[in-house]
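The values are calculated or read from the model by the stated rules, or taken from the named source; none is laboratory data. On a predicted model such as this, the values are computed, not experimentally measured, just so you know. Cβ atoms come from the backbone with ideal geometry, glycine included; neighbour counts cover every protein chain shown. Please note that ligands, DNA and RNA were not included when accessible areas were found on the heavy atoms of the full protein model with its side chains. Shrake-Rupley method; radii C 1.70, N 1.55, O 1.52, S 1.80 Å.
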Amino acid sequence: MYPPERQQLIVTTARAAGRVEVQQLAAELDVTAETVRRDLTALERMGLVRRVHGGAVPVERLGYEPALPQHEQVLTAEKERIAKAALDELPAGGSVLIDAGTTTVRFAELLPPDRELIVVTHALPVAMVLAPLPSVTLHLLGGTVRRRTLAAVGTWAVRALADVRVDVAFLGTNGLTVEDGLTTPDLAEAAVKRAFVAASARTVVLADRTKVGRAELARVAPLAAVDAVVTDSGIEPELADEIETAGPRVVRA
């Protein structure tokens with residue numbers, strides 16, 4: 001099979017299944033994994049697929065954003081490890097911003113109960129976790145609540161963040177690439193995330209390996225604006241090296 005024929009088959013499979021895996025394609029096409037990776041790179045340059053960890057997704061699916069209950073069922077053990085590792089990035093005392101997302105909610109659940117912290121968030125699930133803690137002074141941002149993430153977005157939230165300066169922002173993301181930095185499917189959510197970055201002295205991103213290597217509609221910030229990326233140990237080593245070259249320290253949980 002010639003490369004164009006093989007690549008067309010890969011695109012057709014990706015569109016039908018929603019995702020293709022390198023190892024499975026190598027077995028089905030009777031080629032090496034490196035050949036499949038080269039094909040995926042060529043298809044990505046043509047704008048037909050987007051590389052993700054272990055494979056690729058068709059570009060038509062990149063605008064889809066699962067709701068929170070769907071996110072909660074994905075890589076739960078990895079998200080637990082990421083959340084625990086991110087605790088090392090907490091200040092001894094002071095102020096933090098906590099973004100919306102399943103991994104950041106788990107991070108909030110693991111905050112030391114005796115740590116005196118000021119926490120600012122726009123995420124209702126995060127606020128519900130932290131509200132009962134006597135050691136936490138909680139500030140909840142207002143705005144229009146997105147049903148998919150249960151987070152407040154819009155001008156109210158962005159304007160409020162303009163008056164805030166915290167020690168560390170703990171950020172979630174839907175996509176992370178060296179070229180496009182942090183990205184998310186929703187423009188309003190991206191605006192709030194950008195305000196988080198601007199309001200913090202340090203930015204720590206919590207992102208499992210499925211977020212690395214993919215890009216979404218709305219750009220949030222370049223990797224040069226990020227201090228650390230906490231991900232899981234399943235990330236491809238070359239991707240981790242590329243991220244560190246772009247600026248942030250990579251923590252593999």
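Select from the stretch 63-90 the residues that are among the acidic types (D, E) and modelled with pLDDT of 55 or more and write down the one among them that is most open to solvent (accessible area, probe 1.4 Å). Write out each step before concluding.
Within the stretch 63-90, the subset among the acidic types (D, E) is 65, 72, 78, 80, 88-89.
Then keep just the ones that are modelled with pLDDT of 55 or more; that gives 78, 80, 88-89.
Values: E78: 32, E80: 48, D88: 130, E89: 20 Å².
Checked the stretch 63-90; the qualifying residue most open to solvent (accessible area, probe 1.4 Å) is D88.
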What number goes with the only condition from (1) open to solvent by 80 Å² or more (accessible area, probe 1.4 Å); (2) at pLDDT 85 or above that E60 does not pass? (2)
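Restricting to the stretch 41-57, and then to whatever is of a type in the set (G, A, S) and more than 21 Å from A207 (Cβ to Cβ), can you tell me which residue is modelled with the highest pLDDT? First the steps, then the outcome.
If we filter the stretch 41-57 for residues that are of a type in the set (G, A, S), which is where we start, we get 42, 47, 54-56.
Keeping just the survivors that are more than 21 Å from A207 (Cβ to Cβ) gives 42, 47.
On the way: A42: 87, G47: 71.
It comes out as A42.
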Cβ-Cβ under 6 Å pairs, at least 6 apart or on other chains, the stretch 234-251 side free of Cβ contacts under 8 Å to residues at least 40 places away in the same chain, far side not in a helix (DSSP H, G or I): A240/V250; E244/V250; R249/A228; V250/V229
Scan the stretch 93-115 and report the pairs whose first residue is free of Cβ contacts under 8 Å to residues at least 40 places away in the same chain and whose second residue is of a type in the set (V, I, T) and open to solvent by less than 30 Å² (accessible area, probe 1.4 Å), with Cβ atoms within less than 6 Å and a gap of 6+ or a chain change. V105/V126; A108/I98; A108/V126
Within the stretch 137-183, restricting to residues that are among the β-branched types (V, I, T) and touching a residue at least 40 places away in the same chain (Cβ under 8 Å), the one that is most open to solvent (accessible area, probe 1.4 Å) is T144
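Would you pick out the residues in the stretch 242-253 that are over 15 Å from V204 (Cβ atoms) and open to solvent by 80 Å² or more (accessible area, probe 1.4 Å)?
Start the filter on the stretch 242-253 by keeping residues that are over 15 Å from V204 (Cβ atoms), which leaves 242, 245-246.
Result: E242, T245.
Scanning the stretch 194-253 for residues that are among the charged types (D, E, K, R) and assigned to a loop (DSSP other than H, G, I, E, B), which turns out modelled with the highest pLDDT? Talk me through it step by step, then tell me what you get.
Residues of the stretch 194-253 that are among the charged types (D, E, K, R), as a first pass: 194, 202, 208-209, 211, 214, 216, 219, 227, 232, 236, 238, 241-242, 244, 249, 252.
Keeping just the survivors that are assigned to a loop (DSSP other than H, G, I, E, B) gives 208, 214, 216, 227, 232, 236.
On the way: D208: 90, R214: 83, E216: 87, D227: 98, D232: 94, E236: 85.
Among them, the one singled out is D227.
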Out of the stretch 112-131, which residues are surrounded by 14 or more Cβ atoms within 10 Å (Cβ to Cβ) and either modelled with pLDDT under 95 or touching a strand residue (DSSP E or B) at 6+ places or on another chain (Cβ under 6 Å) (or both)? R115, L117, I118, V119, V120, T121, H122, A123, V126, A127, L130
